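Just below is one structure, and these are the notes that go with it.
Every number here is computed from the coordinates shown, using simple stated rules; none is lab data. As the structure is a prediction and not an experimental result, all values here were calculated from the model. Cβ placement follows ideal geometry from the backbone for every residue including glycine, while neighbour counts extend to all protein chains displayed.
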Amino acid sequence: MGIEKGIFQRTELLLGKSFIEKAAEKRVIIFGIGGVGSWCAESLIRSGIRHLTIVDSDRVCVTNVNRQLMATTKTVGKVKTEVLKDRLLEINPKAEITALQKIYSPETADSFELDSYDFIIDGIDSLANKVHLIQTATKTNATFFSSMGAALKMDPTRIKVTEFWKVQGCPLGAALRGRLKKLGGTSKKFMCVYSDEVLKNKGDNASCGTEKCMCPKAITGPGDPDLVNHEWCSLKAQVNGTTSYMPAMFGMTIASLVVQAIEKEE
């Protein structure tokens with residue numbers, strides 16, 4: 001038994017040879033490989049997806065370690081897409097992983113050639129860029145899935161999957177709908193993963209205390225001793241607490257939607 005056939009033997013046992021063949025042909029792109037996107041990426045590769053593009057502009061922050069797949073104390077300061085690519089290739093060396101250290105925005109949107117993908121997955125945080133991606137992706141023939149916010153949540157039994165315009169109890173979903181309505185809506189419907197649970201931060205939103213600027217433009221390299229102490233998220237306008245498992249479950253749920261969509265194809 002070859003290594004690749006061995007990797008997917010249990011998947012093939014459940015879903016059949018035709019699923020493995022179809023999954024290997026699909027092209028998938030994930031925008032944002034944080035707590036949601038990183039776990040989604042690994043689940044897809046373990047499920048037989050071979051052509052995967054991962055997009056994220058960030059480097060690993062020490063505050064990512066509690067929830068992001070590729071974040072460890074040894075990877076702090078390294079480019080997220082490159083670290084995750086290395087891990088995914090350890091799972092399936094024959095996978096074709098394209099790692100793009102870029103930001104999705106109205107200015108960069110055309111460079112991603114979204115029409116060339118079968119599945120587009122949204123795991124980005126920026127509200128403005130998320131709105132643009134939703135509008136752009138729903139104009140393509142690709143199947144589009146989006147993750148709502150996974151922060152401020154603890155109860156996995158409240159995770160739901162529904163059509164975007166039917167999302168209830170999610171502040172991010174409400175904000176996105178408000179903006180999209182003003183822009184004329186979306187070109188087609190799409191499914192979202194969300195939870196209606198909204199907790200409050202109990203801890204102090206304090207800086208890590210590192211005075212040196214460590215924004216991506218100022219990085220000198222992963223060997224810089226201040227990297228292990230720096231809290232990249234302190235540069236954000238709003239930081240919310242997150243458990244280790246909720247973002248992962250959001251990401252794996254999206255991966256399951258991809259697997260189910262492929263399995264249902266004639």
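Bins of 10 Å, beginning at zero and ending with the bin holding the largest distance: percent of Cα pairs per bin for the range 41-107, please.
22, 48, 28, 2
With labels modelled as points extended 7 Å from the Cα through the Cβ direction, what inter-label distance (nm, one decimal) is found for Glu107 paired with Ser18?
Taking the simple label geometry, Glu107 and Ser18 are separated by 4.8 nm.
Can you work out the base-10 log of I(q)/I(0) for the chain at q = 0.08, 0.14, 0.16 1/Å, using the Debye formula on its C-alpha atoms alone?
The Cα Debye sum returns log10 ratios of -0.32, -1.01, -1.30.
Determine which lysines satisfy two conditions relative to Lys17: a Cα distance under 25 Å, and not lying fewer than 8 residues away in the same chain.
Qualifying lysines at Cα under 25 Å: Lys5, Lys26, Lys94, Lys264.
If you rank Tyr117, Tyr245, Tyr194 by fewest surrounding Cβ atoms within 10 Å, what's the result?
Ascending number of Cβ neighbours within 10 Å: Tyr245, Tyr117, Tyr194.
Sorting Val55, Val79 on the 10 Å Cβ count, fewest up front, what's the list?
Val79, Val55
What is the sum of charges around Gly34, taking Lys and Arg as +1, Asp and Glu as -1, for the other residues whose C-beta is under 9 Å from the C-beta of Gly34?
-1
Please arrange Lys5, Lys160 by counting, for each residue, the other beta carbons lying within 10 Å of its beta carbon, fewest first.
Lys5, Lys160
Which lysines have a Cα less than 22 Å from the Cα of Lys102, not counting those fewer than 8 places away in the same chain?
Lys78, Lys80, Lys85, Lys130, Lys139, Lys217, Lys236
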